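Have a look at the structure below before the remarks.
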Amino acid sequence: DTFIKEGVTYKLTSPHEVEVIGAKKNLSHVEIPEYVDYVDFLLRFRVTSIGDKAFRKYSKLIDIQIANSVKSIGDEAFYGCSSLPEIYIPEGVTSIGDKTFYGCFSLYDIYIPEGVTSIGDSAFYDCYSLESVDIPNSVTSIGNDAFCFCSRLQSVTIPNSVTDIGYAAFSYCYSLESISLPDSISIVPPFAVMYCDNLDFFHIPDNVTTIGYGAFAGCRSLSYIKIPKSVTSIESIAFTETELYNDTSNWEDGALYIDSCLIKVTKNMEGAYAIKPGTRLIAYEAFGRCKSL
């Protein structure tokens with residue numbers, strides 16, 4: 001049920017369709033056609049998918065052309081293709097699997113078409129040459145660590161179609177300066193933009209109810225953020241190591257306040273402490289390790 005054509009290995013998935021499952025390791029250029037013939041045109045099959053790990057760690061691959069007949073790209077399909085500079089995902093593809101482009105260090109340009117509904121866990125993890133990405137209006141979910149360690153990523157557009165963003169989706173994106181969540185999001189996920197050193201603007205929409213654990217931790221340039229009244233829960237270390245901690249105007253009697261929310265008090269606080277009038281929310285572990293309180 002498998003055969004090789006021009007160095008590419010195909011597997012039969014139905015009487016008329018095949019999936020790409022691999023290729024010769026030394027190939028630098030690969031063209032995946034809409035149809036592939038078998039035994040001198042005796043049989044013809046439509047190419048509809050690229051299987052899991054099909055081109056995993058093909059470090060010499062620098063160019064791949066994918067026909068529009070391909071509807072799915074499997075998990076780790078291009079994992080570790082460290083020389084691949086760009087890729088055009090065909091219009092018919094509806095999902096990008098887990099770790100699909102993990103460790104594609106040279107990838108600086110990618111086209112994600114309308115029709116893709118999900119971006120898998122760690123899909124673009126450590127693609128540190130990627131500078132921008134446009135997420136189409138068809139996408140509804142972005143997986144855990146999806147763009148983690150994309151250290152040159154400067155801009156990203158998240159459409160209102162997205163209703164779910166996984167933890168650490170944009171963490172360690174050191175060059176990212178601003179990002180806005182769509183109104184469809186109700187949770188700022190844990191470690192969402194952790195250690196995005198240059199991030200100085202982040203828009204939290206009005207219907208967000210929870211700011212997750214360590215969501216903004218280590219965002220050293222973040223000096224201002226507006227917490228909407230819809231937020232009812234701020235989890236631990238959400239703003240630790242941000243410029244918000246260094247701004248003395250945010251502190252009062254040893255306590256850090258942001259938008260009438262008590263975020264943290266100094267651990268050497270002693271005796272009694274009165275919560276500031278008008279405070280509407282106390283973050284998790286705000287009084288943690290206050291042994292003398």
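The values are calculated or read from the model by the stated rules, or taken from the named source; none is laboratory data. As the structure is a computational prediction, the values presented were derived from the model and not from experiment. Cβ coordinates were reconstructed from backbone atoms using ideal geometry, including for glycine residues, and neighbour counts include every protein chain displayed. For the accessible areas, the whole protein counts, side chains as well, though only heavy atoms, and no ligand, DNA or RNA atoms are used. Shrake-Rupley method; radii C 1.70, N 1.55, O 1.52, S 1.80 Å.
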With LYS53, LYS60 as the choices, which residue is open to solvent by 80 Å² or more (accessible area, probe 1.4 Å), closer than 15 Å to LEU84 by Cα and either touching a residue at least 24 places away in the same chain (Cβ under 8 Å) or part of a strand (DSSP E or B) (or both)? LYS60
Is it the case, given these coordinates, that ILE158 is more than 26 Å from PRO277 (Cα to Cα) and under 14 Å from the mean Cα position of the chain (by Cα)? yes
From the set of residues in the stretch 14-27 that are surrounded by 13 or more Cβ atoms within 10 Å (Cβ to Cβ) and under 31 Å from the mean Cα position of the chain (by Cα), which is farthest from GLU86 (Cα to Cα)? VAL18
Odd one out for ASP134 among (1) surrounded by 16 or more Cβ atoms within 10 Å (Cβ to Cβ); (2) modelled with pLDDT under 95: (1)
Might you check whether a residue that is at pLDDT 95 or above, within 17 Å of LEU176 (Cβ to Cβ) and in contact with a Pro (Cβ under 8 Å, 6 or more places away or on another chain) occurs anywhere in the stretch 147-155? no
Mind telling me which of the residues TYR172, TYR195, TYR167, TYR128 ends up being assigned to a loop (DSSP other than H, G, I, E, B), within 22 Å of SER230 (Cα to Cα) and either open to solvent by 60 Å² or more (accessible area, probe 1.4 Å) or at pLDDT 95 or above (or both)? TYR167
Matching residues, the stretch 205-227, being open to solvent by less than 10 Å² (accessible area, probe 1.4 Å) and in a loop (DSSP other than H, G, I, E, B): PRO205, VAL208, GLY212, GLY214, ALA215, PHE216, ALA217, GLY218, CYS219, LEU222, ILE225, ILE227
Residue tally, condition outside any loop (DSSP other than H, G, I, E, B), under 16 Å from GLU31 (Cα atoms) and open to solvent by less than 40 Å² (accessible area, probe 1.4 Å), over the stretch 63-104: 4
Expected single match for acidic (Asp, Glu), under 25 Å from ILE158 (Cα atoms) and either open to solvent by 70 Å² or more (accessible area, probe 1.4 Å) or modelled with pLDDT under 95 (or both) among ASP253, ASP200 is ASP200
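Rundown of residues vs (1) free of Cβ contacts under 8 Å to residues at least 24 places away in the same chain; (2) in contact with a strand residue (DSSP E or B) (Cβ under 7 Å, 6 or more places away or on another chain); (3) more than 18 Å from GLY166 (Cα to Cα); (4) of a type in the set (Ser, Thr, Tyr), yes/no style:
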| position | (1), (2), (3), (4) |
| --- | --- |
| ASP206 | no, no, yes, no |
| THR210 | no, yes, no, yes |
| ARG220 | yes, no, yes, no |
| ILE225 | no, yes, yes, no |
| SER249 | yes, no, yes, yes |
| ASP253 | yes, no, yes, no |
| LEU262 | no, yes, yes, no |
| ALA274 | yes, no, yes, no |
| CYS290 | no, yes, yes, no |
Among the residues of the stretch 204-240, the number that are farther than 27 Å from SER151 by Cα and charged (D, E, K, R) is 2
Run down THR248, THR240 and say which single residue is polar (S, T, N, Q) and surrounded by 15 or more Cβ atoms within 10 Å (Cβ to Cβ). THR240
So ILE263 ticks every box in (1) surrounded by 13 or more Cβ atoms within 10 Å (Cβ to Cβ); (2) of a type in the set (A, V, I, L, M); (3) assigned to a loop (DSSP other than H, G, I, E, B) but one. Which box is left unticked? (3)
Of residues in the stretch 228-237 being of a type in the set (Ser, Thr, Tyr) and assigned to a loop (DSSP other than H, G, I, E, B), the one surrounded by the fewest Cβ atoms within 10 Å (Cβ to Cβ): THR232
